[in-house]
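Heads up: the structure comes next, in structure tokens.
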Amino acid sequence: MKKMFLILKIIRPFNLLLGCISVTMVAFLCNLFSSSLIHTILVVFCFGAASNMLNDIIDVAIDRFNKPKRVMPMGLLNIKLAIVLSFFLYVIGIMSTFFLQPLGQYIALCVILPLLIFYTPVLKPIPLIGNIIIGGIVGSIFLFAEAALTNNIDIMWIPFFLATVLSFLREICKDAEDMVGDAALHIKTFPVVFGLTSTLQILRGFSICFCLCAIIPWLNTSYGLLYIIFMIFFIEIPLLYGVFVIINKHSNALQYSNLSKLLKGITIMGIITIFLSNLISI
């Protein structure tokens, strides 16, 4: 029972739940509730769980500095067992893709899976590029789900944009939070290479661009009044508060950690905003 709890902890169940909810939301908006939905959820869950586990396996030395209370750095779970479980989850996810529409299967196997596997060992250490890629992987859940269910991508581009940018900003915050440990181990993240002043400028610049671009779907009538109200009050104002008030050029790891948590909440509100904006036409 204890080992099961440790496994649940390492696969980040809350993040996986958000991914599964996002897939269900896409199915609702596309009005497609079929057996493909179960397999689409399985792909998202298995790929996400396996990749979270793989990330902790590869980063165990780094996490001894940055996240010493995690399961792997504390030695609470055998690394060999974690590798086997990760491999097993990837296999289940791959098998589930064969029940999806061809476009969804292609995206899962030829785009998302390679990025997930090579992210931590190859892409993560590349300043900014790694952050953009992980943001795109998170946002691609919406594109993948629509493709897996309909064999087309038409209505999920806006959710993809919102989730990608917010996840990118959160990844930058997490890098700033882990800057001391990353620098000690010569991990060349953006904050380590360019410093916290440039990191702050990146966060503020992208946040302002995001806020301006997020208004476009309302201006071109893709979404209505409910969208712009939720966008301004529950996403843009908290985001700008976070990057201009919570953090500044003297901010420490704790303040960046607080902003990272705020960005997760903002992302959840983004999912709710898209869902309600499609559900209620005002």
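What to note about this one:
- Top-ranked residue of the stretch 180-219 - restricted to ones that are touching a Gly at 6+ places or on another chain (Cβ under 9 Å) and assigned to a helix (DSSP H, G or I), ranked as farthest from Lys264 (Cα to Cα): Trp218
- Total residues in the stretch 220-231, condition outside any helix (DSSP H, G or I) and surrounded by 15 or more Cβ atoms within 10 Å (Cβ to Cβ): 2
- Here the condition is being buried (at least 18 other Cβ atoms within 10 Å of the Cβ), within 21 Å of the chain's Cα centre (by Cα) and either assigned by TED's automatic domain parsing to the domain that holds Ile215 or not in a helix (DSSP H, G or I) (or both); of Phe275, Phe234, it holds for Phe275 alone.
- Residue satisfying all of: in the stretch 182-205; more than 22 Å from the chain's Cα centre (by Cα) and over 19 Å from Asn248 (Cβ atoms); surrounded by the fewest Cβ atoms within 10 Å (Cβ to Cβ) among these: His186
- Put simply, of Ser51, Ser140 the only residue that is touching a residue at least 24 places away in the same chain (Cβ under 8 Å), over 29 Å from Lys2 (Cβ atoms), under 15 Å from the mean Cα position of the chain (by Cα) and surrounded by 20 or more Cβ atoms within 10 Å (Cβ to Cβ) is Ser140.
- Counted as qualifying within the stretch 98-156 are the helices (runs of 4 or more DSSP H) with 3 or more residues that are among the hydrophobic types (A, V, I, L, M, F, W, C), namely 113-118, 129-150.
- Here Val91 clears all of (1) out of contact with any Phe, Trp or Tyr (no Cβ under 7 Å at 6 or more places or on another chain); (2) of a type outside the set (Phe, Trp, Tyr); (3) at pLDDT 90 or above; (4) surrounded by 15 or more Cβ atoms within 10 Å (Cβ to Cβ) except the condition numbered (4).
- Lone unmet requirement of (1) within 18 Å of the chain's Cα centre (by Cα); (2) on the phi > 0 side of the Ramachandran plot for Leu42: (2)
- So Gly224, is it outside the structural domain of Asn131 (by TED's automatic domain parsing), farther than 30 Å from Cys20 by Cβ and out of contact with any Asp or Glu (no Cβ under 8 Å at 6 or more places or on another chain): no
The values are calculated or read from the model by the stated rules, or taken from the named source; none is laboratory data. Computed from a prediction, not measured in an experiment: that's the story for all the values here. Cβ atoms come from the backbone with ideal geometry, glycine included; neighbour counts cover every protein chain shown.
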